[in-house]
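See structure below.
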Amino acid sequence: MNAGAPEQPSRIAALYDIHGNLPALEAVLSDIEQARVDRIVVGGDVVMGPMPRETLARLLDLAVPVHFIQGNCDREVASHMAGVETGTLPERFRSVVSWVAAELGHEHGQRLSAWPLTLRLDVREFGHVLFCHATPRDDTEVFTRDTPEDRLLPVFEGIGAALAVCGHTHMQFDRNIGDVRVVNAGSVGMPFGLPGAHWLLLGPDVELRHTAYDLSEAADRVVNTEYPQANNFAEHNVLHPPSEEEMLAAFSRVELKS
């Protein structure tokens, strides 16, 4: 984090699941500049995508203080760079992890490994806010706006925060789980539902934000990379992402059961 940050920020931008989509990030950062935030929280899954090195460099070069937390994809890339194969990724993603790892230098691998799994900040108007990638206890657990509350109470009760911010499922929501308000920031780089970039602005209220950008130009930039799944990313993550209905049905088969 850069020096000079206010002790208790009043406006925070939460950017989750950028997935190496630099054009989407650039558009969101333009909106953030207008919003005059005190700091930015980057909620994981930063580099697993077509422009990993450039995306990370852009975030590290920001003048506003930035906090990073680790997502499951960042963890997989960092493990690969350390020579450790977790065996948890499906075969179709292994070439992607290898390519992303090769794009990043040793210093970046160390940086990814050092990112914490969760972050707590005291935010004016909200008090204690917990930022996590998927859930407070795990970076891969799946839940959505439709997951029954009784399954989620054991996950969120006792976290010591009135507000929790998460991502991982790439769909925004704002719901209560017991006494905790839980907000999903959505995905900057790989949204499900409305094309564009989705993010969160905290302060003075909770705002689920959407930033439109030139999708055709972004798709061209993606296709012109050496990313192993560039065409698929351009078509299905930039131009025509899957609908929320499709993804809610898919996630219902793997969401938290207890």
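The values are calculated or read from the model by the stated rules, or taken from the named source; none is laboratory data. Owing to the predicted nature of the structure, the values given are computational and were not obtained by experimental measurement. Note that we place each Cβ from the backbone using ideal geometry, even for glycine, and neighbour counts take in every protein chain shown.
Name the single residue, out of those in the stretch 1-36 being at pLDDT 95 or above and out of contact with any helix residue (DSSP H, G or I) (no Cβ under 9 Å at 6 or more places or on another chain), that is surrounded by the fewest Cβ atoms within 10 Å (Cβ to Cβ). First the steps, then the outcome.
Keep residues of the stretch 1-36 that are at pLDDT 95 or above, which gives 12-32.
Next, only the ones that are out of contact with any helix residue (DSSP H, G or I) (no Cβ under 9 Å at 6 or more places or on another chain) stay: 12, 14, 16, 28, 30-32.
Working: ILE12: 25, ALA14: 26, TYR16: 31, VAL28: 25, SER30: 11, ASP31: 17, ILE32: 21.
Result: SER30.
Given the criteria of a type in the set (A, V, I, L, M), crowded, with 19+ Cβ neighbours inside 10 Å, under 16 Å from GLY20 (Cα atoms) and modelled with pLDDT of 95 or more, does ALA218 qualify?
On the way: of a type in the set (A, V, I, L, M): yes; crowded, with 19+ Cβ neighbours inside 10 Å: yes; under 16 Å from GLY20 (Cα atoms): yes; modelled with pLDDT of 95 or more: yes.
For ALA218, the condition - of a type in the set (A, V, I, L, M), crowded, with 19+ Cβ neighbours inside 10 Å, under 16 Å from GLY20 (Cα atoms) and modelled with pLDDT of 95 or more - is met.
How many residues are over 9 Å from the mean Cα position of the chain (by Cα), assigned to a loop (DSSP other than H, G, I, E, B) and not aromatic (Phe, Trp, Tyr) when one looks only at the stretch 185-210?
Step one: filter the stretch 185-210 for residues over 9 Å from the mean Cα position of the chain (by Cα), giving 190-198, 200-210.
Narrowing further to those that are assigned to a loop (DSSP other than H, G, I, E, B): 190-196, 203-205.
Applying the additional criterion that residues be not aromatic (Phe, Trp, Tyr) yields 190-191, 193-196, 203-205.
Result for the stretch 185-210: 9.
Would you mind listing the helices (runs of 4 or more DSSP H) fully within the stretch 1-97 where at least 2 residues are closer than 20 Å to VAL129 by Cβ and not aromatic (Phe, Trp, Tyr)? Write out each step before concluding.
Values: elements: 22-35, 52-60, 72-81.
Helices (runs of 4 or more DSSP H) meeting the threshold: 22-35.
Among the candidates HIS210, HIS240, HIS170, HIS236, which residue alone is out of contact with any Leu (no Cβ under 6 Å at 6 or more places or on another chain), under 26 Å from ASP138 (Cβ atoms) and not charged (D, E, K, R)?
Working: HIS210 fails: under 26 Å from ASP138 (Cβ atoms); HIS240 fails: under 26 Å from ASP138 (Cβ atoms); HIS236 fails: under 26 Å from ASP138 (Cβ atoms).
Exactly one residue qualifies, and that residue is HIS170.
Collect the residues in the stretch 98-110 that are over 20 Å from TYR16 (Cβ atoms) and assigned to a helix (DSSP H, G or I), keeping them in residue-number order. Even if it seems obvious, please write down each step before you answer.
Residues of the stretch 98-110 over 20 Å from TYR16 (Cβ atoms): 98-99, 101-103, 105-107, 109-110.
Passing the criteria: SER98, TRP99, ALA101, ALA102, GLU103, HIS106, GLU107, GLY109, GLN110.
Condition first: loosely packed, with under 12 Cβ neighbours inside 10 Å and in contact (Cβ under 8 Å) with a residue 24 or more places away in the chain. Can you find one or more residues in the stretch 221-237 that meet it?
yes
Quick one: is GLY49 crowded, with 23+ Cβ neighbours inside 10 Å, in contact with a helix residue (DSSP H, G or I) (Cβ under 8 Å, 6 or more places away or on another chain) and closer than 27 Å to ASP138 by Cα?
On the way: crowded, with 23+ Cβ neighbours inside 10 Å: yes; in contact with a helix residue (DSSP H, G or I) (Cβ under 8 Å, 6 or more places away or on another chain): yes; closer than 27 Å to ASP138 by Cα: yes.
Yes.
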